[in-house]
């Protein structure tokens, strides 16, 4: 029988069902550092080990497709469900909403820089947009020139640059917003890159929604280090996150709902 688990997302409690994948009696269901989670438009979230083995499927009990995901400092998985609002939660204070400037669509993916103030986000246009949550101010676009394609998932890098899915390629921008590297698979399969996440040690996972494949790239060389297929229909996989060691929350405390 499926086991019921609960995650807290902002101030909303979301109930999920844990549906076990076929496994041996000795297989542990304890989450481990390096585990990979893939969200699907159907509302499901696949839970996999770093070697691509499917461990379980998280079944959402809320209406709407699953989109961007984040782990909080407590190791809880947060799942965005198409509401498109940016909220800041502070202890013993009501949430604060930020009205960020959209581009082609509503706000899709976000990441907070190490300063705890600069919010990077995408809106499925040709820009990487920014907003200062400390001064409640819209900032200039981060990229110096239009991106190669529609912007989707993004992560701020430790050197101040940004890694962002951009249509048929994944693009790396340096700390000045210049395009310095692109990533793609060597095959001729059509690609539409969406969610991505960094892995400690210099790699990243990224979802190709067109093929339903999830790839692991070397951040420095662009070499493909791993790959698995979700088994989902084309254009169904959306985002991927990697469970890592718990870290303190950013000072800005921004959450996507």
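The values are calculated or read from the model by the stated rules, or taken from the named source; none is laboratory data. All values reported here derive from a predicted model rather than from experimental measurement. Note that we place each Cβ from the backbone using ideal geometry, even for glycine, and neighbour counts take in every protein chain shown.
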How many residues of segment 185-224 are closer than 17 Å to residue 236 by Cα and surrounded by fewer than 17 Cβ atoms within 10 Å (Cβ to Cβ)? The answer is 3
Checked 23, 70, 48, 55 against criteria (surrounded by 13 or more Cβ atoms within 10 Å (Cβ to Cβ), modelled with pLDDT under 85 and more than 21 Å from residue 108 (Cα to Cα)); the one match is 23
Restricted to segment 161-184 and to residues being without any contact (Cβ under 8 Å) to a residue 40 or more places away in the chain and not in a strand (DSSP E or B), the residue surrounded by the most Cβ atoms within 10 Å (Cβ to Cβ) is 161
In the set 238, 199, 242, the lone residue that is farther than 20 Å from residue 149 by Cβ and at pLDDT below 90 is 242
Review point. Quick check, is residue 157 under 21 Å from residue 200 (Cα atoms), surrounded by 22 or more Cβ atoms within 10 Å (Cβ to Cβ) and at pLDDT 95 or above?
Key: no
Taking segment 126-154 and keeping residues farther than 22 Å from residue 197 by Cβ, at pLDDT 90 or above and outside any strand (DSSP E or B) leaves 126, 135, 140, 141, 144, 145, 146
By residue number, the members of segment 102-149 that are at positive phi and free of Cβ contacts under 8 Å to residues at least 12 places away in the same chain are none
